[in-house]
Amino acid sequence: MKATIFDIQRTSFVDGPGIRTTVFFKGCNLRCAWCHNPESQRFEKQIMFYKDKCIGCGKCYEKCHNQLKNCDFCGQCEIYCPSEARKICGKEYTVEEVYEQIVQDVDFYKTSGGGVTFSGGECMLQLDFLKEILELCHKNGIHTAVDTAGCVPYENFESILPYTDMFLYDVKLLDEEKHKKYVGASNKLILENLAKLLQTNVKIWVRIPLIGGVNDTVEEMTALRNFFELNGFPEKTELLPYHSMGENKALAIGVNPQIFATPDKEKVAMLQNLLNKNN
């Protein structure tokens with residue numbers, strides 16, 4: 001069994017508790033206008049070309065047997081580019097190959113309370129692979145987290161619950177029409193799944209990308225707070241202010257990114273305080 005992965009990051013401190021290895025699955029069924037990993041959206045491999053890094057040496061053209069047309073992802077352009085302007089995004093891995101990378105840092109997991117986080121894209125769209133690697137990690141005592149946007153059948157959650165120690169659950173918007181506009185899909189299934197998940201015993205951190213001019217309002221956070229009061233509070237909520245890291249990557253895959261504002265620190269603190277359970 002194989003899955004398409006676009007990155008495996010070791011020693012991460014932002015994808016759950018402790019020191020973690022984060023495995024990024026390729027492919028997503030949402031199209032967030034502010035996506036900071038736009039290269040994760042398509043399931044198939046892609047060539048990323050960073051025009052600002054290119055020094056015009058011609059090595060990529062010289063080494064490519066297709067003269068940079070009809071790419072078969074042989075990797076020669078990436079290998080011979082001296083300025084790292086070209087990169088193949090997406091590689092097929094077996095469960096065993098991913099696990100070999102995960103276990104390299106098992107001592108760090110134990111000392112820091114960390115583990116492995118499966119992210120994306122949307123990792124739950126490659127469910128059979130995800131379930132198998134989760135089960136393998138769980139069996140060997142490695143803390144497991146699944147980072148998801150929740151736009152999948154709830155049966156997907158049920159199938160992996162026995163092997164998942166926590167979920168990092170992304171909530172973009174409570175307003176359904178704005179969700180359709182900015183995320184490309186209804187939020188109905190996402191919120192239904194979160195409500196069901198909050199009734200289980202699994203640990204949940206809800207993470208909200210905070211986008212200036214879109215959802216950085218008292219009204220949005222009040223609606224989310226009301227949702228929690230009705231369905232149960234997660235262990236933690238995190239506001240993640242918009243950053244521009246995805247813009248250059250979007251250009252590298254030939255997409256013109258939308259530009260958004262980053263809310264200031266005072267506003268972030270005020271909205272976070274509104275979401276906190278004890279306030």
* Taking GluC sites (Glu not before Pro) as candidate sites, keep only those in a DSSP loop with at most 10 other Cβ atoms within 10 Å, then name the longest stretch of the chain containing none of them. => 85-279
* Relative intensity, log₁₀ I(q)/I(0), of the stretch 184-238 from a Debye sum that treats every alpha carbon as a point, q = 0.13, 0.24, 0.32 Å⁻¹ -> -0.34, -1.11, -1.39
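Per DSSP H run of n ≥ 4, the term is -39500 (n - 2.57); total these for the chain, divide by its residue number, and report the mean residue ellipticity at 222 nm rounded to 500 deg cm²/dmol. Please list the in-between numbers first.
Details: 11 runs with 96 residues, N = 279.
It lands at -9500 deg cm²/dmol.
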* Relative contact order for the chain, counting Cα pairs under 8 Å that sit 6 or more residues apart, in percent -> 20 percent
* May I ask you to give the solvent-accessible area per residue for the stretch 44-137, in square angstrom, as obtained with a 1.4 angstrom probe? => 55 Å²
* **Relative contact order (percent, whole number), the stretch 28-159, Cα cutoff 8 Å, 6+ residue spacing** => 23 percent
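Just list whichever of LYS91/LYS249; LYS2/LYS69; LYS2/LYS139; LYS172/LYS265; LYS87/LYS180; LYS110/LYS249 have alpha carbons separated by over 24 Å in the model shown.
Working: LYS91/LYS249 17 Å; LYS2/LYS69 27 Å; LYS2/LYS139 20 Å; LYS172/LYS265 19 Å; LYS87/LYS180 32 Å; LYS110/LYS249 34 Å.
Beyond 24 Å between Cα atoms: LYS2/LYS69; LYS87/LYS180; LYS110/LYS249.
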* Taking a Cβ-Cβ separation under 4.7 Å as the criterion for a possible partner, which cysteines of the chain have none? -> CYS28, CYS54, CYS57, CYS64, CYS71, CYS74, CYS81, CYS89, CYS123, CYS137, CYS151
* Structure fact -> In nanometres, the difference between 0.36 nm per residue of separation and the alpha-carbon distance of ASN140 and GLU192 is 15.5 nm
* Rounded FRET efficiency, nearest 0.05, which uses the C-beta distance separating ASN70 from GLU238 and R0 of 41 Å -> 0.40
* Asked: How high is the FRET efficiency from ILE79 to GLN272, r the C-beta distance, R0 35 Å, rounded to 0.05?
  -> 0.20
* To do: Assign unit charges at the C-beta atoms only (+1 for Lys and Arg, -1 for Asp and Glu), then state the dipole size of the chain relative to its Cα centre in Debye, rounded to the nearest 20.
  => 540 debye
* **Distance between modelled label sites at THR217 and GLN258, nm, 7 Å Cα→Cβ extension** => 1.5 nm
* Structure fact -> Computed over the stretch 208-279, protein heavy atoms only, probe 1.4 angstrom, the accessible area per residue in square angstrom equals 55 Å²
* Label point distance in nm, THR200-MET1, each placed 7 Å from Cα along Cα→Cβ -> 1.7 nm
* Roughly how many nanometres apart are two label points built 7 Å out from the Cα toward the Cβ at ARG10 and LYS63? -> 2.4 nm
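In Å, what Kirkwood hydrodynamic radius results for the chain from the alpha-carbon pair distances?
Numbers: mean 1/r = 0.0499 Å⁻¹.
In the chain this quantity evaluates to 20.0 Å.
Calculate the FRET efficiency for LYS110 and LEU230 from the Cβ-Cβ distance with a Förster distance of 35 Å, rounded to the nearest 0.05.
Here the calculated transfer efficiency is 0.40.
Using a 1.4 Å probe on the protein heavy atoms, what percent of the accessible area of the chain belongs to carbon and sulfur? Don't jump to the answer; show the numbers that get you there.
Details: 6860 of 13740 Å².
C and S fraction of accessible area: 50 percent.
Can you give the relative contact order of the stretch 165-261 as a percent, counting alpha carbon pairs under 8 Å and 6+ residues apart? Write out the running numbers ahead of the final one.
Values: 112 pairs, mean separation 29.0, N = 97.
Relative contact order, the stretch 165-261: 30 percent.
The values are calculated or read from the model by the stated rules, or taken from the named source; none is laboratory data. Please read these numbers as outputs of a predicted model, since none were measured by experiment. Every residue, glycine among them, receives a Cβ derived from its backbone with ideal geometry; neighbour counts consider all protein chains shown. In case anyone asks, the SASA skips ligands and DNA or RNA and just uses the protein heavy atoms, side chains included. Shrake-Rupley method; radii C 1.70, N 1.55, O 1.52, S 1.80 Å.
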